[in-house]
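Q: I'd like to ask some things about the structure below.
The values are calculated or read from the model by the stated rules, or taken from the named source; none is laboratory data. Predicted, not measured: the structure shown is a model, and the values here were computed from it. Virtual Cβ from ideal backbone geometry, glycine too; neighbours counted across all protein chains shown.
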Amino acid sequence: MIFLSKGGEDPYINDFAKGCGASPVSTDDFIYEDSVEPIVLRGILKKKIIRQCWKDNRDFFYMDTGYFGNEVSKQNPNGWKYYHRIVKNNLQHERIINRPSDRFARFGKKINPWKTSGTKILIACPDEKPCKFYDEDLDAWLEHTISKIKSNTDRPIEIRKREKNRMKRTVEKPFLEALNDDVFALVTYNSNAAVESIFHGIPAFVTAPVHAAKPVCRTDLKKIETPYYADNDLRHAWACHLAYGQFHINEIRSGIAKELMDFE
């Protein structure tokens, strides 16, 4: 595999290469046409390479932030990004594959009962990076989303814009506080907020072309008044699958991630 490291200095790619017994290749030296091996890359702005891989049916492994374990908790009081997802030929783990429960169990993470008493719709605005990948204008998406919601419900709408500073976003203004404030359903584009919302017992709607939460949420805003309340067995299977698609940085460095990867 070719471990493509931005300027040769991407610490996560470099650690993954080390764990796989390989050496990273700097983006400064990489020429797509000079190789056919699978490419390991990180970050959604590698748009040109990812789309070329799709066009050529060339395998790639995409790395990005994990789905859980990076939130503020007793084990991670500062909300550091310890966990990273690795996905074969896509940006998200979008379908459920049956997995053991051991990895998910280690998090001690609860799947809360569904809450149905909330009144308002919470819109979690995405980052601009995924919008650019999908050629989506953020302001236009927000305007269209609000219009679509208002066409199908009279519920009040609250907009939570993404705080660029991670410390403010995760510690000073934690997302769970917003979810606890009388929310009936969450709407987002591709934000991990949908994953957190479903764990917390608030149903979600996602509108991006791919999203890890799709198996347990809805995508059609016409159904905003009738969210999908996936049963507990399905949510647990979904959580176990995600736990097998993300890895602690120490697992990436040590080679455990490579041993566990069997993505179809």
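Q: Condition first: at pLDDT 90 or above, under 13 Å from the mean Cα position of the chain (by Cα) and buried (at least 18 other Cβ atoms within 10 Å of the Cβ). Can you find one or more residues in the stretch 92-104 that meet it?
A: The answer is yes, given that some residue of the stretch 92-104 is at pLDDT 90 or above, under 13 Å from the mean Cα position of the chain (by Cα) and buried (at least 18 other Cβ atoms within 10 Å of the Cβ).
Q: Inside the stretch 67-98, can you point out the residues that are closer than 19 Å to HIS211 by Cβ and of a type in the set (Lys, Arg)?
A: The answer is ARG85, LYS88, ARG95.
Q: So, in the stretch 110-133, exactly how many residues are out of contact with any Ser or Thr (no Cβ under 9 Å at 6 or more places or on another chain), crowded, with 16+ Cβ neighbours inside 10 Å and modelled with pLDDT under 90?
A: Residues in the stretch 110-133 being out of contact with any Ser or Thr (no Cβ under 9 Å at 6 or more places or on another chain), crowded, with 16+ Cβ neighbours inside 10 Å and modelled with pLDDT under 90: 2 in total.
Q: Say we look at the stretch 117-153 and pick out the residues that are of a type in the set (D, E, K, R) and assigned to a helix (DSSP H, G or I); which of these is nearest to ILE44 (Cα to Cα)?
A: Ranking the candidates gives LYS129 first.
Q: Limited to the stretch 228-255, what total is found for residues that are in a helix (DSSP H, G or I) and farther than 16 Å from GLY66 by Cα?
A: Total satisfying the criteria: 7.
Q: Test ASP127 against the criterion of being out of contact with any Asp or Glu (no Cβ under 9 Å at 6 or more places or on another chain) and either over 16 Å from LYS223 (Cβ atoms) or β-branched (Val, Ile, Thr) (or both), and give yes or no.
A: yes
Q: Can you name the residue in the stretch 182-222 that is free of Cβ contacts under 8 Å to residues at least 40 places away in the same chain and over 24 Å from LYS81 (Cβ atoms) and is also surrounded by the most Cβ atoms within 10 Å (Cβ to Cβ) among such residues?
A: Taking the candidates together, the pick is PHE205.
Q: Just need a number here: residues in the stretch 208-241 that are over 18 Å from LEU179 (Cβ atoms), among the β-branched types (Val, Ile, Thr) and modelled with pLDDT of 95 or more.
A: 2
Q: If GLU225 satisfies every condition in (1) surrounded by fewer than 24 Cβ atoms within 10 Å (Cβ to Cβ); (2) in a helix (DSSP H, G or I) but one, which is the exception?
A: Result: GLU225 passes all but (2).
Q: A further question follows. Here is a check on your reading of the model: is LEU242 under 19 Å from the mean Cα position of the chain (by Cα) and surrounded by 20 or more Cβ atoms within 10 Å (Cβ to Cβ)?
A: Against the criterion (under 19 Å from the mean Cα position of the chain (by Cα) and surrounded by 20 or more Cβ atoms within 10 Å (Cβ to Cβ)), LEU242 qualifies.
Q: Restricting to the stretch 175-193, name every residue that is in a helix (DSSP H, G or I) and of a type in the set (Phe, Trp, Tyr).
A: Listed by number, the list holds a single entry, PHE175.
Q: Taking ILE44 and the conditions (1) at pLDDT below 95; (2) closer than 18 Å to LEU260 by Cβ, which numbered condition does it fall short on, given that it satisfies the others?
A: Going through the list (1) at pLDDT below 95; (2) closer than 18 Å to LEU260 by Cβ, ILE44 breaks only (2).
Q: Exactly one of (1) loosely packed, with under 14 Cβ neighbours inside 10 Å; (2) touching a residue at least 60 places away in the same chain (Cβ under 8 Å); (3) of a type in the set (S, T, N, Q) is unmet by SER23. Its number?
A: Condition (2) is where SER23 drops out.
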